[in-house]
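The values are calculated or read from the model by the stated rules, or taken from the named source; none is laboratory data. The shown structure was predicted, so the numbers you read here are calculated from the model rather than taken from an experiment. Positions of Cβ are generated from backbone atoms using ideal geometry, with glycine treated the same way; all protein chains shown enter the neighbour counts.
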């Protein structure tokens with residue numbers, strides 16, 4: 001499916017450019033398209049280059065955790081759940097610990113830590129994958145959960161709302177949490193149906209119950225805090241947690257008499273190789289997405305959705321936030337730029353800006369995650385990973401709009 005979607009980006013962009021050239025009189029469109037190809041290719045390399053240092057550092061830290069036995073401990077704690085939803089992964093596979101740490105980093109909004117851990121988990125899952133060119137069931141489930149991951153502390157979004165003059169930046173906190181939980185649940189269930197995972201197993205239900213209880217307690221605790229205090233605690237907690245994790249890993253490894261420096265360097269060496277290996281996949285995705293956006297096709301889709309809503313008598317106040325929604329699965333930086341532009345155009349506390357912020361926090365950048373994670377292990381056949389991830393994105397975006405109406409309008 002990815003093969004056809006990637007081709008669709010270029011083909012639709014070409015026809016979109018033809019429309020702009022003949023009907024809108026945009027004679028510069030071909031030059032713009034050419035410049036976009038070169039700039040996006042360069043951007044893909046820059047993204048990979050910027051990831052190198054982060055990958056090296058966190059893979060080094062992960063190596064320390066692996067050698068000291070921390071990842072084994074985490075894996076044992078969640079093995080009963082993973083054994084039910086990922087039966088093909090061996091009990092002693094280091095991928096279990098890496099997946100736990102990746103998901104935990106995503107929940108806490110620690111993006112810089114989550115990506116290297118996720119790539120490491122994908123590599124370890126590849127070690128037990130029988131068909132190296134085709135994504136395994138475990139890799140697909142992990143990727144879908146990752147691309148629709150629950151974000152408890154959306155620090156970046158709160159920061160942008162505050163900087164652009166919102167009187168209550170933290171107002172989006174709860175709708176983002178609810179929307180991203182919906183996205184993750186839909187993503188998990190869609191994979192479970194295809195892979196015939198028994199979600200009514202008492203072990204799975206028990207873990208899901210604990211998760212829902214913890215999320216409810218945290219959510220309830222934050223709900224009673226003032227907006228300013230909530231943002232401050234969220235930001236400080238996230239930063240403290242990063243430092244605390246590193247501290248615990250190193251101290252525990254020293255107690256276990258592990259050579260922390262040597263292990264860190266050994267793990268960090270993998271970061272450079274991974275950063276280089278994902279460049280072709282990022283170039284393919286980012287160029288196609290950029291052409292699709294610059295051709296005007298996205299604008300046509302947004303206008304069509306607005307007219308459709310008006311035809312059915314549906315409130316269309318959310319439509320100005322749709323550029324963020326449509327760009328989010330394609331480009332993280334593009335969606336972020338559209339969110340900021342919406343805030344600047346309509347006001348940080350306007351309804352379109354509110355919806356845009358909730359949408360921004362409700363899902364991940366699916367095509368980027370897919371390109372990076374599967375590209376790192378050179379998998380070309382992603383099977384049902386993309387359809388399930390896009391379904392999760394759709395659920396996250398729709399729920400983000402609905403929860404925005406609920407919280408903002410009442």
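Only one of 330, 322 is within 20 Å of residue 43 (Cα to Cα) and surrounded by 18 or more Cβ atoms within 10 Å (Cβ to Cβ). Can you tell me which?
Working: 322 fails: within 20 Å of residue 43 (Cα to Cα).
Unique residue meeting the criteria: 330.
When residue 345 is evaluated against the numbered criteria (1) more than 25 Å from the chain's Cα centre (by Cα); (2) over 27 Å from residue 392 (Cβ atoms); (3) not in a helix (DSSP H, G or I), which criterion, by number, is the only one it fails?
(3)
Out of everything in segment 344-360 that is in contact (Cβ under 8 Å) with a residue 24 or more places away in the chain and surrounded by fewer than 24 Cβ atoms within 10 Å (Cβ to Cβ), what residue ends up being nearest to residue 129 (Cα to Cα)?
This residue is 352.
Please verify whether residue 368 is in a helix (DSSP H, G or I), modelled with pLDDT under 90 and in contact with a helix residue (DSSP H, G or I) (Cβ under 7 Å, 6 or more places away or on another chain), treating the condition exactly as stated.
yes
Say whether the condition of being touching a residue at least 24 places away in the same chain (Cβ under 8 Å), in contact with a helix residue (DSSP H, G or I) (Cβ under 6 Å, 6 or more places away or on another chain) and over 26 Å from residue 278 (Cβ atoms) is met by at least one residue in segment 300-307.
Initially, segment 300-307 is screened for residues touching a residue at least 24 places away in the same chain (Cβ under 8 Å), giving 300-302.
Now drop any that are not in contact with a helix residue (DSSP H, G or I) (Cβ under 6 Å, 6 or more places away or on another chain), which leaves 302.
With the extra rule that they be over 26 Å from residue 278 (Cβ atoms), the set shrinks to 302.
Yes, some residue in segment 300-307 is touching a residue at least 24 places away in the same chain (Cβ under 8 Å), in contact with a helix residue (DSSP H, G or I) (Cβ under 6 Å, 6 or more places away or on another chain) and over 26 Å from residue 278 (Cβ atoms).
Exactly one condition in (1) part of a loop (DSSP other than H, G, I, E, B); (2) in contact with a helix residue (DSSP H, G or I) (Cβ under 6 Å, 6 or more places away or on another chain); (3) surrounded by fewer than 23 Cβ atoms within 10 Å (Cβ to Cβ) is not met by residue 378; state its number.
Failed condition: (2).
For the subset of segment 16-26 comprising residues that are free of Cβ contacts under 8 Å to residues at least 12 places away in the same chain and in a helix (DSSP H, G or I), which member is nearest to residue 282 (Cα to Cα)?
Per the criteria, the residue is 18.
Testing residue 219 on (1) surrounded by fewer than 20 Cβ atoms within 10 Å (Cβ to Cβ); (2) farther than 30 Å from residue 83 by Cα; (3) modelled with pLDDT under 80, one condition comes back false. Which one is that?
Looking at each condition in turn, residue 219 falls short on (2).
Each row is one residue, and each column tells you yes or no for (1) in contact with a strand residue (DSSP E or B) (Cβ under 8 Å, 6 or more places away or on another chain); (2) modelled with pLDDT under 90; (3) within 13 Å of residue 391 (Cα to Cα); (4) part of a helix (DSSP H, G or I).
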| position | (1), (2), (3), (4) |
| --- | --- |
| 161 | no, yes, no, yes |
| 167 | no, yes, no, no |
| 173 | no, yes, no, yes |
| 176 | no, yes, no, yes |
| 182 | no, yes, yes, yes |
| 185 | no, yes, yes, yes |
| 188 | no, no, yes, yes |
| 198 | no, yes, no, no |
| 207 | no, yes, no, yes |
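Take the conditions in a loop (DSSP other than H, G, I, E, B), surrounded by fewer than 17 Cβ atoms within 10 Å (Cβ to Cβ) and free of Cβ contacts under 8 Å to residues at least 24 places away in the same chain and apply them to residue 314. Does it pass?
yes
Run residue 133 past the list (1) more than 19 Å from residue 68 (Cα to Cα); (2) buried (at least 24 other Cβ atoms within 10 Å of the Cβ); (3) modelled with pLDDT of 85 or more and report the number of the one that doesn't hold.
(2)
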